[in-house]
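Chemist: Here it is, the structure, as structure tokens.
The values are calculated or read from the model by the stated rules, or taken from the named source; none is laboratory data. Only a predicted model underlies this, so the values are computations on that prediction, with no experimental measurement involved. Using ideal geometry, Cβ is built from the backbone for each residue, glycine included, and neighbour counts are taken over all protein chains shown.
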Protein chains: 2
Amino acid sequence: MQKILLLLLTCVFTAQLQAQTLTSPDKNFTFKFELKEKGVPSYQLTYKKKPVIKSSTLGIETKDVASFLDGFTVTKTEVQSVNDTWEPVLGEQKTIRNNYNELLVTLTQKAQKDRILRIRFRLFNDGLGFRYEFPKQKELNYFVIKEEQTQFNLAGDHKIFWIPGDYDTNEYPYTTSKVSEIPGLQKKATVQITAQTPIKEPSVQTPSMMKSSDGLYINIHEAALINYPAMHLEVDAKGLRMKSHLVPDAVGNKGYMQTDAQTPWRTIIVSDKATDILASKLILNLNEPTKYKDVSWIKPVKYIGVWWEYFVAGKSTWAYGTENNVKLDQDFSKLTPNNRHGATTQNVKRHIDFAAEHGFDAVLVEGWNIGWEDWIGNWKENVFDFTTPYPDFDVKELQRYAASKKVKIMMHHETSASATNYERRLHPAFQFMVDNGYNAVKTGYVGQIIPRGEHHDGQWMVNHYIHVANTAADYKIMVNSHEAVRPTGLNRTFPNWIAQESARGTEFEAMGGLAPEHTTILPFTRLMGGPMDYTPGIFQTDLSIYGTNNKQRVNTTLVKQLAYYVTMYSPLQMAADLPENYLRFPDAFQFIKDVAVDWDDTYGLEAEPGDYVTTARKAKGKDEWYVGGVTDENPRTATVNLSFLPKGKQYIATIYADGADASYDKKPQSYTVKKVVVTPNSVIKQKLASSGGLAISIKEGSKKEVKDLPKL
Amino acid sequence: MQKILLLLLTCVFTAQLQAQTLTSPDKNFTFKFELKEKGVPSYQLTYKKKPVIKSSTLGIETKDVASFLDGFTVTKTEVQSVNDTWEPVLGEQKTIRNNYNELLVTLTQKAQKDRILRIRFRLFNDGLGFRYEFPKQKELNYFVIKEEQTQFNLAGDHKIFWIPGDYDTNEYPYTTSKVSEIPGLQKKATVQITAQTPIKEPSVQTPSMMKSSDGLYINIHEAALINYPAMHLEVDAKGLRMKSHLVPDAVGNKGYMQTDAQTPWRTIIVSDKATDILASKLILNLNEPTKYKDVSWIKPVKYIGVWWEYFVAGKSTWAYGTENNVKLDQDFSKLTPNNRHGATTQNVKRHIDFAAEHGFDAVLVEGWNIGWEDWIGNWKENVFDFTTPYPDFDVKELQRYAASKKVKIMMHHETSASATNYERRLHPAFQFMVDNGYNAVKTGYVGQIIPRGEHHDGQWMVNHYIHVANTAADYKIMVNSHEAVRPTGLNRTFPNWIAQESARGTEFEAMGGLAPEHTTILPFTRLMGGPMDYTPGIFQTDLSIYGTNNKQRVNTTLVKQLAYYVTMYSPLQMAADLPENYLRFPDAFQFIKDVAVDWDDTYGLEAEPGDYVTTARKAKGKDEWYVGGVTDENPRTATVNLSFLPKGKQYIATIYADGADASYDKKPQSYTVKKVVVTPNSVIKQKLASSGGLAISIKEGSKKEVKDLPKL
């Protein structure tokens, strides 16, 4: 009798546990976890009483052990609240608040010998993060994931800014449509890109930015992608449901897990204000603090490069020789020079001079090392050695010269996606950097991955990028990766992984052009995961001046390029244009020279994905502020409310604006620069041209300046 | 008119070129190359007028460019003869003769824009080697191999000693049958082995040893396997044809080629004397000389190890802890010790003492580093770090202790076939060895390969093993690889790749036992490619003494184990038994202590694959000779003709023989040791027991010894 009673009590207790709710610290979010029929876990999320995610199931399908899909009972729930702050090494804010309520649900599969799965939910004021956790337990040591079955059941047919799902590239242009329209547009959206593997099912990549018809901004992504494949989203256009789709490995498996293990965090950032999405630090908060003991060597970088000339000038090349078949052990000094090689000692010195004169930290030099003659398209493993310069690139002399000018040369490690080759040579490559005074490397992964059959976004490559960043830290080297998996806030944990490309960047302005709206979308998508090396700063936007019937055009005004230094956050920023183009516009160039790349604080002034973004930031450790504003193809008037300035002082604002007759396609280089006196009460209203921009620098002025300059 | 004449002349010239013959320097071999219908290349080979290879086609099937199969015309033929000698760093002979006639055929595919393929044939007195060469040319830079289509059209239904084709392992027991019987026996021959991928078609591995009914011994293998997958042989049992079958990569491709490129050499070694097969240096001759500038640090190694106790004693283990789920970043000193760990400081010191006392160069220690608790079966990538010892293994103290006793500790790098993990850690791992006084490493590749989808015998792994050997050379480290692709004479080019396992070795005597004939076959198969770390020397062959109902038995007599040090060539030889077992048989142990492992010369005295082998060798730089003889399950009388001894002197021969009542299964430890005086005219006739052996050491004796000892 006593035993029966005990069982009954347990049942009651269990029944109570099957549904759990949670609210965000500010009460705007309500979250509910519950077990559905057959013990299937599910969750739902509302914001200000509007549904964001309707009841959606959770689970992991496995290959070699029983799946984590159903048959669960809730055996324990734990809640906790956290409210603290932390300081990033480099960032948009000096201090980041980490404030959430957490629900940790322990689920038991009785039919699997009481095997346990935990799901941890963290509800912030800016959204939800959750992950699966697989505790070490007798019945679970190793398993292989067939697919993650996490649903995102949408509350409506939202507007979505999307790129198609692909295992190997995120360099697609954005398509804007309704969720229901995705399948019909998928083919058109999947433009040709080097080394692409589009997902067969209708699918989109994350960060996936949506806007509901009732005014909610919803962003789905992930945080802390470690030892797991990237998550793309399959789209059920009729059911308005999204579902996780992991990137497979060479044999079709999706993830190799060993307990204790956990998935990355799945993130849903929500607000009724678009600027709140941009301000969210939820993804960084869900990443682990760095374990690096010394981070003093990690510094922001403003740089120029021997780079844009490869895309536009038509006069220089990465390759030294005319051959299209080279091997690393041959004597490259015996190649026939193509006489167009860009990374010559002389050309690099010219760039070092320019960098030194205008206050840049570094000069990126691509094409310095042997192997570029046949680096792409051959699935070639031993493609670069990362330590042997071309005969016309004098490493020692350039090291000496750069050091004498207090400029760093930025190393370039294009891997051609031959990751195995890079790993084989990683230690010698980094030692070479240390021996020759390099402190930062731009890595590249153009092409089909080696190990053959693996993908850019698969678990193995995810681990590779982290291995590179981690190993680089041992040598005090900063990493700026291109063509890697898109970021998920790991720059918190690996702060020397200072920036990434991982999206369609400025180089595509020279290869077909970017839509004027592109950079009003990127802050809501790609940049949600971390800093982007967008390589802005193109002043000569009409590329026809480079001749040879080049009708290509960078689809912005000159001032829009200035604005990017503020709207496109990165602690590593390039001034990508040719030095001679900057010298033609010294007053506009002054903004690039002045603008900070590391910040005490950030103020989202105005934003609408696909339309416009206006952002202000305070320079790290300085009483200087910078404002950037961009618009899509539609001219508009930006409103810059300077209330973020400290009270009680007057400041000098230098306003870089599109000329009255400016437009990106007709008159991109029409701009004005004027100085005015402003106060925290000032509101600057400034017209932006079609695909135009606005850039403002604000400093304390001398008494004389304040007296002499006009008031706003 | 003049033009027509020219064309006619060319035609005649071309027609003449379509068939070419070649003879070996001693005229025993005749070789013919000809183009068959549709311009298909073919070859045939005879030995002393007996057909060895009937007309067989040659070609390479490609994936992305037109295949190299047909449509050829012969546009050039070149012949040359070479007769010189060279000295291996370590070897069976101090000097090796390299004597061949060569035919280089240039084939042109007119339909492929005059694309060129070359096939180079070298005809030695011991057989044929040929390879495909792809010169650098306008129409050919990169291509992918779908399959190599090299035929070996046999002249009869030969007896063959074979193991089944497999992409991942060569650790099969041998099956002896007719070629025509292979398909029916394939299933039975494919016994279970960790991480195996049997080829679906009836197939065998190389070296493939055959004997024709008219008394020819024929061995097919390959030489200089570099940047190419291993070749297995598909068997057409009805047509009595074999055909190359290359090992695929993760996506099913077989080879990635960049011109200039060539395949490994395909080798056909032939004689009517079995001992000639063993004496052949054709495979070494077809490998390139080493490029290492300094080889003084490459030295022969006689070693013992903390190893056999893991297989037999049941008291010790590689693993330290009881757990079956560990991660490299955890604190292993907090594991629960299983109290059976073998690689303890104390146990290793005991082995160092023994090695020092008995003149061994080194002590192999397996299980010294963290990660053994769950190292196998999980396809785990970060399985070992190669630099962190278990808490009970004191690296520094053992380094000091070993150095004080002038003994080296041999490093052990089991990779669990996680080659990517090994490559990531290779530089730190080798630096750790240098820092701690190790000069040799035993590597292991047990398990499924990572990069996942790759195979032990594929092109990627072939390159991996060479990368390891080459990198090891930078650190002056010798490599002894286990579970790698079988050797192809690369120890000439990479002489620090001192030995390999790559066959079913002594460890299997503790896991089911080896057939008595096994080691009469290995010299004709596995050892044709290079030295084998067979790990002989088991004195305690009845393993039941280790208790726990162990009915396992090493299927040899004690003396047969002694004979292996001569019959199984390797410059790195283990005395694999437990030290205490050697102390029980000090007179027999003396042979192991005495026997050389590097040689001035080698004399094949008697051999028949599957039945017996008797070999004599002269120690490098010493007037000492050692003889080893083994037999299969059949007792026999070995005949040892000492005519190889220098004339005019008397020598002391110490003869280690099976006892009159000895047999491997009843009385394996019955043996006699006797000394006699011998001369070059002496012929020792000695009975070998069932699976028995014979070992003889011969030295110059003192006058007194010569006087006192009996004459033979």
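Chemist: Of the residues B:Lys649, B:Lys707, B:Lys618, which is over 15 Å from B:Lys560 (Cβ atoms) and either at pLDDT 95 or above or assigned by the TED database to the domain that holds B:Gly91 (or both)?
Modeler: Result: B:Lys618 is the single residue among B:Lys649, B:Lys707, B:Lys618 that is over 15 Å from B:Lys560 (Cβ atoms) and either at pLDDT 95 or above or assigned by the TED database to the domain that holds B:Gly91 (or both).
Chemist: Among the residues of the range B:109-144, write down those that are among the aliphatic types (A, V, I, L, M) and in a strand (DSSP E or B).
Modeler: B:Ile116, B:Leu117, B:Ile119, B:Leu123, B:Leu128, B:Leu140, B:Val144
Chemist: Turning to a different aspect of this structure: Please work out if B:Tyr292 is within 14 Å of chain A (Cβ to nearest Cβ) and either modelled with pLDDT of 95 or more or under 30 Å from A:Asn378 (Cβ atoms) (or both).
Modeler: no
Chemist: Turning to a different aspect of this structure: Does A:Thr602 qualify as being of a type in the set (S, T, N, Q), surrounded by fewer than 16 Cβ atoms within 10 Å (Cβ to Cβ) and at pLDDT 95 or above?
Modeler: no
Chemist: Continuing with this model, one more query. Suppose we keep only residues that are closer than 28 Å to B:Gly458 by Cα and of a type in the set (Phe, Trp, Tyr) within the range A:454-485. Which one would you say is farthest from the other protein chains (Cβ to nearest Cβ)?
Modeler: Residue satisfying both the conditions and the ranking: A:Tyr465.
Chemist: Ok, one more. Given the conditions (1) more than 25 Å from A:Glu509 (Cβ to Cβ); (2) crowded, with 23+ Cβ neighbours inside 10 Å; (3) small (Gly, Ala, Ser), report the number of the one that A:Ser702 does not fulfil.
Modeler: Among (1) more than 25 Å from A:Glu509 (Cβ to Cβ); (2) crowded, with 23+ Cβ neighbours inside 10 Å; (3) small (Gly, Ala, Ser), A:Ser702 violates only (2).
Chemist: Restricting to the range B:496-509, give me the number of residues that are touching a Pro at 6+ places or on another chain (Cβ under 7 Å) and within 11 Å of B:Gly530 (Cβ to Cβ).
Modeler: Going through the range B:496-509 one residue at a time, the tally reaches 4.
Chemist: Can you confirm whether the range B:383-402 contains a residue that is small (Gly, Ala, Ser), away from every other protein chain (no Cβ under 14 Å) and more than 26 Å from the chain's Cα centre (by Cα)?
Modeler: Looking only at the range B:383-402, we keep the residues that are small (Gly, Ala, Ser), and these are B:402.
Right, trim to away from every other protein chain (no Cβ under 14 Å) and you get B:402.
With the extra rule that they be more than 26 Å from the chain's Cα centre (by Cα), the set shrinks to B:402.
Yes; the residues of the range B:383-402 include at least one that is small (Gly, Ala, Ser), away from every other protein chain (no Cβ under 14 Å) and more than 26 Å from the chain's Cα centre (by Cα).
Chemist: It is to be established whether one or more residues within the range B:340-353 are basic (Lys, Arg), farther than 20 Å from B:Leu398 by Cα and either assigned by the TED database to the domain that holds B:Asp577 or out of contact with any His (no Cβ under 6 Å at 6 or more places or on another chain) (or both).
Modeler: No, there is no match, as no residue in the range B:340-353 is basic (Lys, Arg), farther than 20 Å from B:Leu398 by Cα and either assigned by the TED database to the domain that holds B:Asp577 or out of contact with any His (no Cβ under 6 Å at 6 or more places or on another chain) (or both).
Chemist: Taking the condition within 14 Å of chain A (Cβ to nearest Cβ), modelled with pLDDT of 95 or more and either surrounded by fewer than 24 Cβ atoms within 10 Å (Cβ to Cβ) or closer than 21 Å to B:Asn170 by Cα (or both), does B:Asn227 pass? First the steps, then the outcome.
Modeler: Values: within 14 Å of chain A (Cβ to nearest Cβ): yes; modelled with pLDDT of 95 or more: yes; either surrounded by fewer than 24 Cβ atoms within 10 Å (Cβ to Cβ) or closer than 21 Å to B:Asn170 by Cα (or both): yes.
Here the answer is yes, as B:Asn227 does meet what is asked.
Chemist: Suppose the filter is more than 10 Å from chain B (Cβ to nearest Cβ) and under 30 Å from A:Ile352 (Cβ atoms); does A:Thr488 pass it?
Modeler: No.
Chemist: Please go through the range A:435-453 and pick out each residue that is within 14 Å of another protein chain (Cβ to nearest Cβ) and either without any contact (Cβ under 8 Å) to a residue 40 or more places away in the chain or not in a strand (DSSP E or B) (or both).
Modeler: A:Gly447, A:Gln448, A:Ile449, A:Pro451, A:Arg452, A:Gly453
Chemist: Give me the strands (runs of 3 or more DSSP E) completely within the range B:33-108, filtered to those with at least 2 residues that are aromatic (Phe, Trp, Tyr), ordered by residue number.
Modeler: Those strands (runs of 3 or more DSSP E) span B:40-47, B:72-86.
Chemist: Does at least one position in the range B:187-205 carry a residue that is within 21 Å of the chain's Cα centre (by Cα), within 14 Å of chain A (Cβ to nearest Cβ) and not β-branched (Val, Ile, Thr)?
Modeler: Yes, that holds for at least one residue.
Chemist: Quick test of your reading of the structure: A:His427 fulfils all but one of (1) crowded, with 20+ Cβ neighbours inside 10 Å; (2) of a type outside the set (Gly, Ala, Ser); (3) touching a residue at least 40 places away in the same chain (Cβ under 8 Å); (4) within 13 Å of chain B (Cβ to nearest Cβ). Name the failing condition by number.
Modeler: All conditions are met except number (1).
Chemist: For the range B:544-577, what are the residues that are surrounded by fewer than 21 Cβ atoms within 10 Å (Cβ to Cβ) and at negative phi?
Modeler: B:Ser544, B:Ile545, B:Tyr546, B:Asn550, B:Lys551, B:Gln552, B:Arg553
So that you can scan it fast, the table gives a plain yes or no per residue for (1) of a type outside the set (Gly, Ala, Ser); (2) more than 18 Å from B:Glu92 (Cα to Cα); (3) not in a strand (DSSP E or B):
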| residue | (1), (2), (3) |
| --- | --- |
| B:Ala607 | no, no, no |
| B:Arg617 | yes, no, no |
| B:Trp625 | yes, no, no |
| B:Glu633 | yes, yes, yes |
| B:Lys647 | yes, yes, yes |
| B:Ile652 | yes, yes, no |
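Chemist: Mind telling me which of the residues A:Gln590, A:Gln573 ends up being modelled with pLDDT of 95 or more and assigned to a strand (DSSP E or B)?
Modeler: The conditions single out A:Gln573.
Chemist: Checking the condition surrounded by 20 or more Cβ atoms within 10 Å (Cβ to Cβ) and of a type outside the set (Asp, Glu), which residue from B:Tyr142, B:Tyr132 passes? Spell out the reasoning first.
Modeler: Working: B:Tyr142 fails: surrounded by 20 or more Cβ atoms within 10 Å (Cβ to Cβ).
Sole residue among the options that is surrounded by 20 or more Cβ atoms within 10 Å (Cβ to Cβ) and of a type outside the set (Asp, Glu): B:Tyr132.
Chemist: Considering only the range B:236-301, give the strands (runs of 3 or more DSSP E) lying wholly within it that have at least 3 residues that are more than 30 Å from A:Lys327 (Cβ to Cβ) and in the same structural domain as B:Thr30 (by the TED database).
Modeler: By residue number, B:241-246, B:265-271.
Chemist: Restricting attention to the range B:368-379, which residues are surrounded by fewer than 24 Cβ atoms within 10 Å (Cβ to Cβ) and either part of a loop (DSSP other than H, G, I, E, B) or at the interface with another protein chain (Cβ under 10 Å from one of its Cβ atoms) (or both)?
Modeler: The answer is B:Asp374, B:Trp375, B:Ile376, B:Gly377, B:Asn378, B:Trp379.
Chemist: Right, next: Report the residue count in the range B:396-410 for those that are exposed (fewer than 15 other Cβ atoms within 10 Å of the Cβ) and closer than 14 Å to B:Gln346 by Cβ.
Modeler: Looking only at that region, the number is 1.
Chemist: Sticking with this one: Is it the case, given these coordinates, that B:Val251 is surrounded by fewer than 18 Cβ atoms within 10 Å (Cβ to Cβ) and β-branched (Val, Ile, Thr)?
Modeler: So B:Val251 fits the description; yes.
Chemist: Just one of the numbered conditions (1) more than 14 Å from every other protein chain (Cβ to nearest Cβ); (2) over 24 Å from B:Lys620 (Cα atoms); (3) among the aliphatic types (A, V, I, L, M) is not true of B:Ile298; which one?
Modeler: (2)
Chemist: Oh, and also: Considering the range B:535-593 alone, what residues qualify as being of a type in the set (D, E, K, R) and free of Cβ contacts under 8 Å to residues at least 24 places away in the same chain?
Modeler: Correct list: B:Lys551, B:Glu580.
Chemist: Inside the range A:406-424, can you point out the residues that are more than 14 Å from chain B (Cβ to nearest Cβ), in contact (Cβ under 8 Å) with a residue 40 or more places away in the chain and assigned to a loop (DSSP other than H, G, I, E, B)?
Modeler: Selection gives A:Lys406, A:Val407.
Chemist: Could you check the range B:190-210 and list, in sequence order, the residues that are more than 20 Å from B:Ile449 (Cβ to Cβ) and surrounded by fewer than 18 Cβ atoms within 10 Å (Cβ to Cβ)?
Modeler: B:Val191, B:Glu201 - these are the residues of the range B:190-210 that are more than 20 Å from B:Ile449 (Cβ to Cβ) and surrounded by fewer than 18 Cβ atoms within 10 Å (Cβ to Cβ).
Chemist: Inside the range A:357-367, can you point out the residues that are crowded, with 20+ Cβ neighbours inside 10 Å and in contact with a helix residue (DSSP H, G or I) (Cβ under 6 Å, 6 or more places away or on another chain)?
Modeler: Once the filter is applied, which keeps residues that are crowded, with 20+ Cβ neighbours inside 10 Å and in contact with a helix residue (DSSP H, G or I) (Cβ under 6 Å, 6 or more places away or on another chain), the range A:357-367 yields A:Val363, A:Val365.
Chemist: State which residue pairs qualify: first residue at positive phi and inside the range B:213-234, second residue small (Gly, Ala, Ser) in any location, beta carbons under 7 Å apart, and separation of 6 or more residues or different chains.
Modeler: What qualifies is B:Ala224/B:Gly489.
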